[in-house]
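Shown next, in structure tokens, is the structure this report addresses.
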Amino acid sequence: MNIKSCETKERNIAELMIEVDAEELDSAINEAFRKNKGRISVPGFRKGKASRKMIERMYGASIFHSDALENLMPNVMKFAADESGLKIISYPEVTDVTFAEDASNVVITLEATLYPEVTLGEYKGLSAPKLPAEVPDEEIDREVMAVRLRNARIEKVERPAENGDIAVIDFEGFLDGVPFDGGKGENHDLELGSGSFIPGFEDKILGMSVDEERDIDLVFPDEYAEELAGKAVVFKVKLNELREKQLPDMDDEFAKDVSEFDTLEDYRADIKARFLKTKQDEVDSAFENALLDKLVEITEADVPVAMVEEQMDISMKNFTRQCKAYGMAPATYLELMNTTPEDFRESSRASSEKQVKAMLALMKIAEIEGIEVDDEEIENEYLEGARRYGTDVEKVKESVDRESIVSDVKLRLATKIISDNAIIEELTSESEAEAEKAPAKPKKAKAKKTEPEEAEKVAEAEPNEESAVASVDEKPAPKKTAAKKAKKPADDA
């Protein structure tokens, strides 16, 4: 195998002509023959018994060429990358294949995208605002209250309904004196103050006693279902039962019941430490993202279209993963957002180009700083991946190639160099607002939800990109204010 020619074109494209000699070509054709001979019929022979020459004589010498090329391509691609001295960044495209008449060789023409030249500005000493990582007592109070609510006892009560009670009700809605579809429910559990029903409904149940009946006059919101939007209706409601949440006392016994700690003070201290770590991670991430924005501004590079397209594909994969996390089909979300997969993908082009440019800049920094990744670091990455996903390390190695690990570690270490040498700007009202724009980490849904409101949550989640710099200026799908859908009032009256 040898390189017949190598020509660099504009826009980081190179054309290579790779010649495969007769011995390598014949070996690939033999492999294709062995793979296919059992499926080829030759008169006078049982399938699989005819020789290669007999099959080629009957069907033509080129019968095995397609499969032979498929066998050759991995070695051709590796040879092109190793021997050309070019920094090829994507799987080359085959643009021409020419077999010699006597099959003494084959010349394969490849078009490959190359790493662009990257010119950096001064990447040490970049500056950005950084918020302090703080956890106010109110946040700890809310967490403790949430745990108390989860551990509350539910008891029947005989008194007027109050906010926080669970009212067991029968109801039926009427529009102009006629019941409307979906407006009826029996023995429905409604937590007062939860906002589960349309505005005003729960407020007008407050003060009701068990077995009391009441007519509730309401007007549906303008953004509701078309047939009910803005309409005045009457709900006939009967309170069948009233239940009260009895919270556990907030004392040391409570702490022992819900945690590994013996005192409430230690339990609250643990909550604060956990929250503080999360806040610190968010602050550090926002600071790094702001620095990477500055890095992109001082970097000159002719970003290859192929890399941008690949990043856009990654964004689409992450979008699909987020939808599934919220129990929503991607097609359903796109329909709610009134867009197509093609337009949705295209909407990520600008941010994808910025992400690629940041990655190129970081790889250039890794080169300048002489960052190397040894075998121990790579093994630790695989072990961490296995721990994170709860699987065997060998399976992680099968699904994630070594070069990807090396690249990610280099990007992470280069980002750390920028961060370690950065200057924290003094916070002003404007910079504080800017620093607070850090994207929140996506949260997994605990229950399957398919309403438009959940579509907003998908759009708001930060894409979980397969790159150390993927969060740079990542903009999720265009957020659309979702009006409450025409949902059955029994579910969302």
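The values are calculated or read from the model by the stated rules, or taken from the named source; none is laboratory data. Source: prediction; values computed, not measured. All Cβ positions, even for glycine, are placed from backbone atoms using ideal geometry, and neighbour counts span all protein chains on display.
Just one of the listed residues (THR332, THR391) is β-branched (Val, Ile, Thr), at negative phi and free of Cβ contacts under 8 Å to residues at least 12 places away in the same chain, and it is THR391.
Residues are listed down the side, and each one gets a yes or a no for (1) surrounded by 15 or more Cβ atoms within 10 Å (Cβ to Cβ); (2) outside the structural domain of LEU427 (by TED's automatic domain parsing); (3) over 21 Å from ALA350 (Cα atoms):
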residue	(1), (2), (3)
LYS256	no, yes, yes
ASP262	no, yes, yes
LYS279	yes, no, yes
GLU282	yes, no, yes
PHE287	yes, no, yes
LEU295	yes, no, no
THR299	yes, no, no
PRO304	yes, no, no
MET312	yes, no, no
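Close Cβ contacts (under 7 Å, 6 or more residues apart or on different chains) running from residues in the range 124-151 that are touching a residue at least 60 places away in the same chain (Cβ under 8 Å) and within 29 Å of ASP420 (Cβ to Cβ) to residues that are of a type in the set (Gly, Ala, Ser) and part of a loop (DSSP other than H, G, I, E, B) comprise LEU126/ALA422; SER127/ALA422; ALA128/ALA422. Please verify whether ALA361 is of a type in the set (Gly, Ala, Ser), over 21 Å from the mean Cα position of the chain (by Cα) and either at pLDDT 95 or above or assigned by TED's automatic domain parsing to the domain that holds ALA286 (or both), treating the condition exactly as stated. Considered against the rule, which asks whether it is of a type in the set (Gly, Ala, Ser), over 21 Å from the mean Cα position of the chain (by Cα) and either at pLDDT 95 or above or assigned by TED's automatic domain parsing to the domain that holds ALA286 (or both), ALA361 comes out as yes. On the given criteria, is LEU247 within 29 Å of GLY195 (Cα to Cα) and in contact (Cβ under 8 Å) with a residue 60 or more places away in the chain? When the stated conditions are applied, LEU247 passes them.
Can LEU360 be described as aliphatic (A, V, I, L, M), closer than 19 Å to LEU126 by Cβ, touching a strand residue (DSSP E or B) at 6+ places or on another chain (Cβ under 9 Å) and assigned to a helix (DSSP H, G or I)? Criteria met by LEU360. Anything in the range 122-158 that is out of contact with any strand residue (DSSP E or B) (no Cβ under 9 Å at 6 or more places or on another chain), surrounded by 11 or more Cβ atoms within 10 Å (Cβ to Cβ) and in a loop (DSSP other than H, G, I, E, B)? List them, or say none. Selection gives LYS124, LEU131, ALA133, GLU134, VAL135, ASN151. If you go through the range 367-394 and keep only what is surrounded by 13 or more Cβ atoms within 10 Å (Cβ to Cβ) and either under 23 Å from the mean Cα position of the chain (by Cα) or not in a helix (DSSP H, G or I) (or both), you end up with GLU369, ILE371, VAL373, GLU381, TYR382, GLY385, ALA386, VAL393.
Of all residues in the range 314-333, those satisfying the criterion of being of a type in the set (A, V, I, L, M) and within 19 Å of ALA350 (Cβ to Cβ) are ILE314, MET316. Considering the range 159-198, the residues that are loosely packed, with under 13 Cβ neighbours inside 10 Å and among the small types (Gly, Ala, Ser) include one that is farthest from ALA255 (Cα to Cα), namely GLY177.
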